[in-house]
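The values are calculated or read from the model by the stated rules, or taken from the named source; none is laboratory data. What you see is a predicted model; the values in this text were computed from it and never measured. Cβ placement follows ideal geometry from the backbone for every residue including glycine, while neighbour counts extend to all protein chains displayed.
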Amino acid sequence: MKPSDFDALRQGMVRRQLAKRGVQDERVLAAMAKVPRHLFVPSQSRSEAYEDCPLSIGHGQTISQPYMVASMTEALALNRKDRVLEVGTGSGYQTAVLAELVDKVYTVERIKTLSDSARVVLDSLGLSERVGMRVGDGTSGWADMAPFDAILVTAGAPGVPSPLLAQLSPGGCLVIPVGAKQMQRIEIHRRDLSGELTKESSTSCRFVNLVGRHGWPKGE
Ligand code: SAH
């Protein structure tokens, strides 16, 4: 496929899978119209990169469905100056979308190989200056870089990891899939300016497991 074929498929993805389904934030739509998702999937899956589904990225992990990326990003209501933490770098695709929207994204991945290949793609797109990457257990957040205006968890958790709430700024928002291993609901946690937390539950979804000290135990 030629680069222009991928461009056409990507514009179709934005119209049909995102805008038509209710994603309204123009900045999110523009970011997803720009980021070449096909570069974040294994080469044998490139032709499927703009379809409405998650795809395998190896190590039992997946790149999230475009609609989930769009709606979770929209829920964060980002401003350019926001400091953002992502837990679960995976392919780096969601990281790239965030880096189109804010000046600084911090992202944590527990599988080094995935983090390394995400870094190569982010580098090739000129985004790595805006992205801080770390290999480790993101359920403990990234204390040295906290607090964050927005935290996005892209793996399914049994509950909200308490360190993530602790690292959320007043006025900040945490978006995370919470529930059973096979099925979760997106939860949106907001901390208001007086420090009070509120929770809203959104659509059901199916993410790979968040494995770590404040997530699912390893190897179960
Ligand atoms: N945002 C990614 C989604 C990848 S799937 C993308 O756009 O491709 C979720 C990722 O979370 C997997 O790569 C998995 O290894 C990672 N993960 C699971 N538990 C984690 C943890 N405790 N800390 C950091 N990453 C974790």
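Of all residues in segment 42-57, those that are under 21 Å from GLU109 (Cβ atoms) have Cβ atoms under 7 Å from Cβ atoms of residues that are surrounded by 12 or more Cβ atoms within 10 Å (Cβ to Cβ) and basic (Lys, Arg), 6 or more apart or on another chain, in ALA49/ARG37. Within segment 110-119, track down each residue that is farther than 17 Å from THR154 by Cα and either polar (S, T, N, Q) or not in a helix (DSSP H, G or I) (or both). Correct list: THR113, SER117. For GLY171, the conditions (1) surrounded by fewer than 19 Cβ atoms within 10 Å (Cβ to Cβ); (2) on the phi < 0 side of the Ramachandran plot are fulfilled apart from (2).
Which residue, of SER128, SER124, SER140, SER91, is touching a helix residue (DSSP H, G or I) at 6+ places or on another chain (Cβ under 8 Å) and either modelled with pLDDT under 95 or aromatic (Phe, Trp, Tyr) (or both)?
SER128
Could you tell me whether any residue of segment 98-116 is within 11 Å of the ligand (Cβ to nearest atom) and among the aromatic types (Phe, Trp, Tyr)? For segment 98-116, residues within 11 Å of the ligand (Cβ to nearest atom) and among the aromatic types (Phe, Trp, Tyr): absent. Consider segment 175-220 and keep the residues that are more than 16 Å from the ligand (Cβ to nearest atom) and among the charged types (D, E, K, R). The one that is surrounded by the fewest Cβ atoms within 10 Å (Cβ to Cβ) is GLU196.
For segment 89-109, residues that are of a type in the set (Ser, Thr, Tyr) and part of a helix (DSSP H, G or I) total 2.
With respect to the conditions (1) in contact (Cβ under 8 Å) with a residue 40 or more places away in the chain; (2) within 13 Å of the ligand (Cβ to nearest atom); (3) closer than 23 Å to PRO147 by Cα, GLY60 lacks only one, and its number is (3).
Given the residues GLU48, GLU86, which is the only one that is touching a Leu at 6+ places or on another chain (Cβ under 7 Å), surrounded by fewer than 18 Cβ atoms within 10 Å (Cβ to Cβ) and of a type in the set (Asp, Glu)?
GLU48
Of the strands (runs of 3 or more DSSP E) contained entirely in segment 120-220, those carrying at least 3 residues that are of a type outside the set (A, V, I, L, M) and touching a residue at least 12 places away in the same chain (Cβ under 8 Å) fall at 168-179, 184-191, 197-205.
So, in segment 104-119, exactly how many residues are buried (at least 18 other Cβ atoms within 10 Å of the Cβ), touching a residue at least 40 places away in the same chain (Cβ under 8 Å) and among the hydroxyl-bearing types (Ser, Thr, Tyr)? Total satisfying the criteria: 1. In the set (1) of a type outside the set (A, V, I, L, M, F, W, C); (2) touching a Ser or Thr at 6+ places or on another chain (Cβ under 8 Å); (3) over 19 Å from LEU122 (Cβ atoms), SER64 fails one condition alone, (3). The helices (runs of 4 or more DSSP H) found entirely in segment 1-88 that carry 1 or more residues being within 15 Å of the chain's Cα centre (by Cα) are 26-34, 66-76.
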